[in-house]
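Okay, structure first, notes after.
The numbers here are math on the coordinates, done by the rules we state, and not lab data. Nothing here was measured: the structure is a model prediction, and the numbers come from that model. All Cβ positions, even for glycine, are placed from backbone atoms using ideal geometry, and neighbour counts span all protein chains on display.
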Amino acid sequence: MDEKTRAYVEKMIQGDEPAFDELYRSYSGKLYRMAYAITGNKSDSEDVLQETFVKCYLNRAKLKDPERFEAWLCRILVRTAWKVSKKRREMSLESLLEDPEQGQQAAGICRDPSAGPLEFLMDRETSGELLTLVGKLDVKYRTVVVLYYYNEFSTGDIARITGTLEGTVKSRLYKARKLLRKQLEGREEMERGMRHEEKLG
């Protein structure tokens, strides 16, 4: 953290609203992308972002070390995003039981490869296929992948952000990589089979 940002954090802790506004401008873009990667929904991401900064300001006195501000803020965001994702999943299941067609529309963003949550995060030149697969992971696996590979947090930081043990984080990263590798290999095998059929045809 640079000295300027640290000064804003220290002022924010003391209740300085202009300093809080500066921190919002500095971090909102990155945190919005993180929220989108976890929730996969634009509207939910906006809600998560706003709620995160509200909680940040209301609980600012709990931040004892300004150097830990970003990890502390991300922890608030991750837990808020998990809560919103859980609520949306429950709503989707409820809608599906009441009206299958409506339920499919409500949950569609999670199943549509063209709307994979991590598509929003990455440059268009990056493999869309891999991003789509990451977007389909369970939210807890998806979270550690986003924090580790796209936000470059250490496994120790991720453990503090998610409120889990570092060993759990490493285990989830391992499982996520294994799941992604399996899905990629399956797709490659399917594509080879399709090319072979085309040649025979």
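Summary of values
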item	result
Order by protection proxy (mean Cβ within 10 Å, highest first), peptides 136-147, 65-76, 3-14	136-147, 65-76, 3-14
Sorted peptide list for 157-164, 17-24, criterion being average Cβ within 10 angstrom, highest first	157-164, 17-24
